[in-house]
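Undergrad: Quick one: this structure, given as structure tokens, is what I'll be asking you about.
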Amino acid sequence: MTRHHAPSPGPQRWMAYCFLGLSMALVGSYVALSKPLVAALSVFLLAWLRFGIGGLAMVHWLKRPAHEPPMSPSTKRLLFLESFVGNFLFSIAMLFGVSMTSAVSAGVIMATIPAVVAVMSWVFLKERIGLRIWAAIACGVLGIALLALSKTELHTQSTRGLEANLMHSNALWGNVLVFIAVLCEAAYAVIGKKLTGTLSPKRISALINLWGFVLMTPMGLYAALRFDFSAVTPSLWLLLVFYALAASVWTVWLWMTGLKGVPAARAGVFTVMLPVSAALMGVFALGETLSGMQMLAFALALAGVLLATLPAGKTATPAP
């Protein structure tokens, strides 16, 4: 189905790069900014409102363009899977994970996305992976291991026996959930590359958001009936609207548009913007700090990103 992916000529290629970089920067920012939203709203209510607001913004994108052929059964299955993994499961894992760990920690863990994408490409797309990619994976794993050993979040709170143990346990579970979100995001990237060959970026964005809204409605409605909306401040409503538009509309459209003109391996370079923006948002907007251990973990994770995504002398081709 796919031949050799030659980069688009000049301006188009650089525009695609800008779209990919901006998409990942927005993901990193809303990963960090979702922390105060999770504190005010339940996870399921927040995710449901996100899909609802995003759906209202994209309702005019649902209609099939005249030049686009009807969807095949396999395309419909991929759309559902893209939404189930990339929207539904990702939202639950990411929101619960961020509520239990710090935005900086979440950013470091999400730096492993390129390596995980490489493994999934090897497993599901039969791409050959060299030693450099395995080295990238090792860097990512080592970065997460160092992060798990860091107890920086505990030093600013009470460290009495049971309470400290519970807090450390929560942080570990939060890190695990964020890594599950990484797996979902990697699957989202692999499936998305297939979808861009048959559907427009706008229609992909609208359809997977619609499936996300449907999947989240039972839990979202239950949470909404038990929630006091009058307690939400105007500033939080504004933050919720930004979060919904960034997560459901802008990042998806930007990523799918950029992905159409750039090979998947090269697009992976731009996921470095996700952990960088998440960490910077955690430091500058949420008042978090980077410890020496976290900085080392972050450096290892970014080294893994570079190893996984910098162009090699020879381009790996999919196995027949």
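The values are calculated or read from the model by the stated rules, or taken from the named source; none is laboratory data. Worth saying up front: this structure is predicted, and the values here are computed from it rather than measured. We place every Cβ from the backbone using ideal geometry, glycine too, and count neighbours over all the protein chains shown. Side chains included, ligands, DNA and RNA excluded: accessible areas come from the protein's heavy atoms. Shrake-Rupley method; radii C 1.70, N 1.55, O 1.52, S 1.80 Å.
Undergrad: Return the residues of segment 145-180 that are β-branched (Val, Ile, Thr) and at pLDDT 70 or above; say none if nothing qualifies. I'd like the intermediate steps shown before the answer.
TA: Restricting attention to segment 145-180, the residues satisfying the condition of being β-branched (Val, Ile, Thr) are 152, 156, 159, 176, 178, 180.
Within segment 145-180, 176, 178, 180 meet the criteria.
Undergrad: Among the residues of segment 46-89, count how many are among the aliphatic types (A, V, I, L, M) and free of Cβ contacts under 8 Å to residues at least 60 places away in the same chain. If you could, list the steps in order and put the result at the bottom.
TA: Our first condition is that a residue be among the aliphatic types (A, V, I, L, M); within segment 46-89, this holds for 46-47, 49, 53, 56-59, 62, 66, 71, 78-79, 81, 85, 89.
From the residues that got through so far, the ones that are free of Cβ contacts under 8 Å to residues at least 60 places away in the same chain too are 56, 66.
Summing the residues that are among the aliphatic types (A, V, I, L, M) and free of Cβ contacts under 8 Å to residues at least 60 places away in the same chain in segment 46-89 gives 2.
Undergrad: List pairs: first in segment 14-29 and modelled with pLDDT of 80 or more, second part of a helix (DSSP H, G or I) and of a type in the set (Val, Ile, Thr), Cβ under 6 Å, 6+ apart or cross-chain?
TA: Every condition considered, the pairs that remain are 19/257; 23/251; 24/271; 26/251; 27/251.
Undergrad: I would also like to ask the following. Report, by residue number, each residue of segment 72-103 that is at pLDDT below 90, open to solvent by 30 Å² or more (accessible area, probe 1.4 Å) and more than 19 Å from residue 215 (Cβ to Cβ).
TA: The answer is 99, 100.
Undergrad: Test of understanding: among 233, 257, which residue is among the hydroxyl-bearing types (Ser, Thr, Tyr) and closer than 21 Å to residue 118 by Cα? Walk me through how you get there before you give the answer.
TA: Working: 233 fails: closer than 21 Å to residue 118 by Cα.
Within the list 233, 257, the selection yields 257.
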